[in-house]
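What follows is a single structure, written as structure tokens, with notes after it.
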Amino acid sequence: MHIQQAITQQTGRITVHGWVYRERGSNTMRFLVVRDTDNILQCVIKKDAVPEEVWELAQTIKVEAAVTLTGDLRADPRAPTGVELQVEELIIVGEANDFPITKDQSIEHLANNRHLWLRSRYMNAILKVRHECFVGFREYFMQHGFYEYHSPIFQATQAEGGSDLFSVKYFDSEVYLSQTWQLYAEAGIFSLENIFTIAPTFRAENSKTSRHLTEFWMAEMEMAWSEFADIQEHAQGVVKHIVARVLKNCQEQLTILQRDTRELVAARDNPFVTLTYDQAIDLLKEHGMDVPWGKDLRTAEEELICQQFDVPVVVTNYPTAVKAFYMKLVPGRPEAVQGCDVLVKGVGEIIGGSQREEDIEKIIDRLKRDGEDPEEYSMYLDTRRYGSVPHGGFGLGMERIIAWVCGLDSVKDAIPFPRTPLRYSP
Ligand code: 4AD
Ligand code: MG
């Protein structure tokens, strides 16, 4: 039986299994707090109530041993979850060595023992929120009639900036790990029209910040026949849907993580604020930050913008010079693009998206601007040669939204095994 079920049931003879979370005892009694994926249960082994072998066995149990316990369940207000198991039978399913993680370990020690730290209630809570975020993304787009579609991870060209590429030896050639599904997604909409994916994504960004990983999961959508407004609407819609799902299913986890949920409730219940880049620059100026027009917004600037509102902020119409080659120009204003970022407090950008440029000549010019050879993009350019339609899409950084929803200091805790410039193991 699961521990949660035992806690709900309160009484009766039951068998539970789990791992020893804490243990202490005296000459006559041994207390084990046992955990499973959902909760903890206090179990007591009394010397005079069990056969001698059981008592002897109980003396050998160490933290993180896997055990099966049978006994009588009783309500006990002193026990951490309000019930206590009076143990009669005990099986050690898997013995434990001395567990290397005890109280108050350094971040470095926890990172080196990440495979064991995953068992903590802290990581358990985050991993459950992570699950809900993934399900929430998929559910939203399925409800809106989008198909799940997949792009290759080995790719022949860049899509989001040549300097951030991981290259991999591919027999006698060299290929790159995917920075985005986008160029392949744009080919896919001509068949399926509306599509989404959730996939591993790689960026060789040598930035040791709290919001960059070298391997992360990006959830992306691409939509045929769209207008720029549709892209922004779905970006907002899916964030709201994910937040609503987490608030509905993860209250316990948010409590463990000590997340103040007012910000999440506000995001769920109210429209997001939308600002053009120009308005964002003016707002920053009012608050003492002078950003010359044409500069990208950095983390500090994104944070200052977010601090002015109770809900996430969508910034649109960024300068063309700071955005990717495929973004559609704002009509009559070639210095700005129909691109949008969704920003949240504490993390900054969680979504980047745009309406896509349809004019093949403009795309070619901008590829050249970026020092790329248009010849290598013939697959992509074909999407504009055979029945091109207005379309657009965005990418949501899963670890970033998870870090925000959980209120984490860093995206590193939003993924089981973070990969950063300095760490690729365990
Ligand atoms: O803004 P980005 O670079 O957009 C794209 O890649 C588009 N091709 C997506 C699309 O339109 N289909 O990345 C999208 C999001 C960012 O907003 C951020 O949340 C996340 O991906 N991201 C990262 N997350 C963790 N570590 C990194 N190094 C990240 N780089 C981007
Ligand atoms: Mg971006």
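Local charge for Ile101 was computed over the other residues whose Cβ lies under 13 Å away, with Lys and Arg +1 and Asp and Glu -1, and equals +2. Probing with 1.4 Å while keeping every protein chain in the model, the per residue accessible area of the chain equals 47 Å². Under 1.5 on a/c is rounded, so check that first for region 1-142, then, if it is not, pick prolate when a/b is larger than b/c and oblate when it is not; a ≥ b ≥ c are the square roots of the alpha carbon gyration tensor eigenvalues. Here region 1-142 falls in the oblate category. All Cα-Cα separations within the chain were binned at 20 Å from zero, giving a P(r) of 23, 46, 23, 8, 0, each value a whole percent of the pairs.
Karplus-based coupling profile of region 142-149, in residue order and whole Hz: 5, 4, 9, x, 8, 9, 7, 9, with θ = phi - 60° in 6.51 cos²θ - 1.76 cosθ + 1.60 and x standing for Gly or Pro. According to the Cα-based calculation, Rg over Rh for region 190-232 is 1.13, with Rh computed by the Kirkwood formula.
Converting phi to 3J(HN,Hα) with the Karplus coefficients 6.51, -1.76 and 1.60 and the offset θ = phi - 60°, region 259-267 yields 7, 6, 8, 4, 5, 6, 4, 4, 5 Hz in sequence order, with x at every glycine or proline. By DSSP, what percent of the beta bridges with both residues in region 115-226 are antiparallel, rounded to the nearest 5? Here the antiparallel bridges make up roughly 90 percent for region 115-226. Quick one: grab the alpha carbon gyration tensor of region 52-108, order the square roots of its eigenvalues as a ≥ b ≥ c, and give me rounded if a/c is under 1.5, else prolate or oblate depending on whether a/b is larger than b/c. Taking the square roots of the gyration eigenvalues as a ≥ b ≥ c, region 52-108 is oblate.
For region 97-239, taking the reciprocal of the average inverse distance between every pair of different Cα atoms yields a Kirkwood hydrodynamic radius of 17.9 Å.
Note on Lys362: lysines with a C-alpha under 28 Å away, same-chain residues under 8 apart excluded, are Lys295, Lys323, Lys328. What is the Cα centroid distance between region 12-73 and region 118-177, reported in whole angstrom? Each part reduced to its Cα centre gives a spacing of 41 Å.
Neighbours of Tyr21, meaning other residues whose beta-carbon lies under 13 angstrom from its beta-carbon, give a summed charge of +3 when Lys and Arg score +1 and Asp and Glu score -1. In the chain, the longest principal axis of the Cα atoms and the axis of helix 360-369 are about 70 degrees apart.
Counted residue by residue at 0.36 nm each, then reduced by the alpha carbon distance between them, the extension gain from Ser425 to Asp48 reaches 131.0 nm. Here Lys412 is the anchor, and the lysines within straight C-alpha reach of less than 24 Å, apart from those fewer than 8 places off in the same chain, are Lys103, Lys128, Lys208, Lys240, Lys345. Would you mind classifying region 161-274 by shape? Square roots of the alpha carbon gyration tensor eigenvalues, ordered a ≥ b ≥ c; an a/c under 1.5 is rounded, otherwise it is prolate if a/b is larger than b/c and oblate if not. It is oblate, given that a/c is not under 1.5 and a/b is not larger than b/c. Of all beta bridges that DSSP places with both ends in region 302-358, some 100 percent have antiparallel geometry.
Among Tyr184, Tyr386, the order of accessible area from largest down is Tyr386, Tyr184, computed with a 1.4 Å probe on protein heavy atoms. Taking Asn97, Asn112, Asn194 in turn, the Gaussian network model of the chain (Cα-Cα springs below 10 Å) assigns the largest fluctuation to Asn97.
Within straight-line reach of Lys46, meaning a Cα separation under 18 Å, sit the following lysines at least 8 residues removed in sequence or on another chain: Lys62. Converting phi to 3J(HN,Hα) with the Karplus coefficients 6.51, -1.76 and 1.60 and the offset θ = phi - 60°, region 132-139 yields 5, 5, 5, 4, x, 4, 4, 4 Hz in sequence order, with x at every glycine or proline. Highest mean packing comes first when the peptides 338-345, 263-270 are listed by Cβ atoms within 10 Å, giving 338-345, 263-270.
The values are calculated or read from the model by the stated rules, or taken from the named source; none is laboratory data. Note that this is a predicted model, so its numbers are computed, not measured. Every residue, glycine as well, gets a Cβ built from its backbone with ideal geometry; the counts of neighbours run over all protein chains shown. We work out accessible area using only protein heavy atoms, side chains counted, and drop any ligands, DNA or RNA first. Shrake-Rupley method; radii C 1.70, N 1.55, O 1.52, S 1.80 Å.
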